[in-house]
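Below you'll find the structure, written out as structure tokens, and then a few comments.
The values are calculated or read from the model by the stated rules, or taken from the named source; none is laboratory data. Source: prediction; values computed, not measured. As a convention, Cβ positions derive from the backbone with ideal geometry for all residues, glycine included, and neighbour counts pool all protein chains shown.
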Amino acid sequence: MSKLLLDVQDLEVNFKTNDGVVTAVNKLNFQLHEGETLGIVGESGSGKSQASFSLIGLLASNGFTNGKAVYQSNFGEVDLLSLEDKQLNRIRGNEISMIFQDPMTSLNPYLTIGDQLAEVLVIHKGMSKNDALKEAKNILDAVKMPEAEKRLKMFPHEFSGGMRQRVVIAMSLLCKPKVIIADEPTTALDVTVQAQIMNLLRELQRDFKTSVILITHDLGVVAGFCEKVLVMYGGRTMEYGSTQDIFYDPTHPYTQGLLKSIPRIDKEDIKLSSIPGNPPNLLNLPTGCPFMPRCEHAIEACNGLAPLTGFGNDRRRACHIPAEEMTRRYHKLHKELTGEDYKQTHAHYFKDNVIVDHTGQALNNK
């Protein structure tokens, strides 16, 4: 197994508000190894983005954290959650970088792309402006930006959405980071450009040997890009495991609900499924499982919080109903609704070792 790079232990992210303390992330645990890609999935408000923001000190001023995030930095083992700003600045943007959701709002509209890219290298690597611009041109070439030298003199509003996202990806790679956190990197793009960007990320990850934390709600993207998946709901871990295990044998009702809600263009006669109800109010979470009010499998034991337990091949889940029983129920229901075996259905996402999203568009070429 590759070297352990990041070990997040019992991470809590809280926010002080006029109505009380909101717990956005509650006892989150995960690990990231060198060269690995971890997908964090869940509905809006599940805590995905706040968990990642906490790792690089980007929480709002009313936010605070508990727990540990042990990271193997270039200057030794550190806890990211307890670093002073000066220490964190040596890591943020240099060893750990971030691709934000909306490239238009994460780029400075008053500065040229060249100035913004060069600034990263001047600050973190101590380069001269001229050398930094040369390296900026090289990194734009790496992300397949046409006429890279000409683009350095352009402003963000002169680029399309897909091109702006390439600039943001280039910026995240300038210092050759160990970890990239990609927060919904394709949300604002159409499906064709999404596929291009995800293919680009895959190629760059291979070339730069970078670990990636991918935050998304699109399970098609997860299938195509991630080796491991962490499913979050109400700030907690619902299920964790390899992508193949999660897709073929989901054992938590919430994971199963997410998978059932993936649209299929090759099955027009199947009604699109959805999870009834709404995400929980983080100020007033249920005393037991946060998913219980929306869960069709809920039992009396769900009034108490299910511990996160390990099983199988490095898998974890938080559910009172045994994993084997949940898998059996799900496969049986799927057969009744679609007339096909569940593994046959989800082989759609792993056709000939080429991952496709819900449109059938190839997301990678493993």
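Within segment 123-133, which residues are of a type outside the set (S, T, N, Q) and surrounded by fewer than 14 Cβ atoms within 10 Å (Cβ to Cβ)?
Once the filter is applied, which keeps residues that are of a type outside the set (S, T, N, Q) and surrounded by fewer than 14 Cβ atoms within 10 Å (Cβ to Cβ), segment 123-133 yields Gly126, Lys129.
Pairs, please: C-beta under 7 Å, at least 6 apart or cross-chain, first residue farther than 18 Å from Phe291 by Cβ and modelled with pLDDT of 85 or more and in segment 242-268, second assigned to a loop (DSSP other than H, G, I, E, B) and among the acidic types (Asp, Glu)?
Every condition considered, the pairs that remain are Ser242/Glu227; Thr243/Glu227.
Does any residue of segment 212-222 turn out to be surrounded by 19 or more Cβ atoms within 10 Å (Cβ to Cβ), more than 12 Å from the chain's Cα centre (by Cα) and either within 20 Å of Ile99 (Cβ to Cβ) or modelled with pLDDT of 95 or more (or both)?
yes
Give me the pairs: first residue in segment 151-176 and part of a helix (DSSP H, G or I), second residue among the aromatic types (Phe, Trp, Tyr), beta-carbon distance under 8 Å, and six or more apart or on different chains, which are they?
Here the result reads Arg151/Phe159; Val167/Phe159; Val168/Phe100; Leu173/Phe208, each pair linking segment 151-176 to a residue that is among the aromatic types (Phe, Trp, Tyr).
Identify all residues within segment 16-45 that are polar (S, T, N, Q) and more than 16 Å from Gln101 (Cα to Cα); write none if there are none.
Thr17, Asn18, Thr23, Asn26, Asn29, Gln31, Thr37
Any residue in segment 200-223 that's at positive phi: show its pairings with residues that are outside any helix (DSSP H, G or I) at Cβ separation under 8 Å, as long as the two are six or more apart or on different chains.
Lys209/Glu34; Lys209/Gly35
Give me the residue from segment 147-189 that is crowded, with 19+ Cβ neighbours inside 10 Å and among the hydroxyl-bearing types (Ser, Thr, Tyr) and, out of that set, farthest from Arg92 (Cα to Cα).
Filtering first and then ranking leaves Thr186.
Which condition breaks for Ile139 when tested against (1) outside any helix (DSSP H, G or I); (2) of a type outside the set (S, T, N, Q); (3) closer than 22 Å to Pro185 by Cα?
(1)
Can we say Asn29 is assigned to a strand (DSSP E or B), touching a Gly at 6+ places or on another chain (Cβ under 9 Å) and closer than 22 Å to Thr243 by Cβ? Even if it seems obvious, please write down each step before you answer.
Working: assigned to a strand (DSSP E or B): yes; touching a Gly at 6+ places or on another chain (Cβ under 9 Å): yes; closer than 22 Å to Thr243 by Cβ: yes.
So Asn29 passes the test.
State yes or no: is Phe15 modelled with pLDDT of 95 or more, surrounded by fewer than 17 Cβ atoms within 10 Å (Cβ to Cβ), over 20 Å from the mean Cα position of the chain (by Cα) and farther than 26 Å from Val122 by Cβ?
No.
Name the residue, out of Gln116, Gln87, that is in the same structural domain as Leu4 (by TED's automatic domain parsing) and either at pLDDT below 95 or closer than 25 Å to Thr187 by Cβ (or both). Spell out how you get there, then give the answer.
Numbers: Gln116 fails: in the same structural domain as Leu4 (by TED's automatic domain parsing).
From the options Gln116, Gln87, the qualifying one is Gln87.
Within segment 231-256, can you find the residues that are touching a His at 6+ places or on another chain (Cβ under 9 Å), surrounded by fewer than 24 Cβ atoms within 10 Å (Cβ to Cβ) and of a type in the set (D, E, K, R)?
Selection gives Asp249 alone.
Let me spell it out: the conditions are (1) closer than 14 Å to Met98 by Cα; (2) outside the structural domain of Ile91 (by TED's automatic domain parsing), and Asp183 meets all of them except one. Which number is the exception?
Every listed condition holds for Asp183 apart from (2).
If I filter segment 180-191 for residues that are modelled with pLDDT of 85 or more and part of a helix (DSSP H, G or I), do I get at least one hit?
No, the conditions are met nowhere in segment 180-191.
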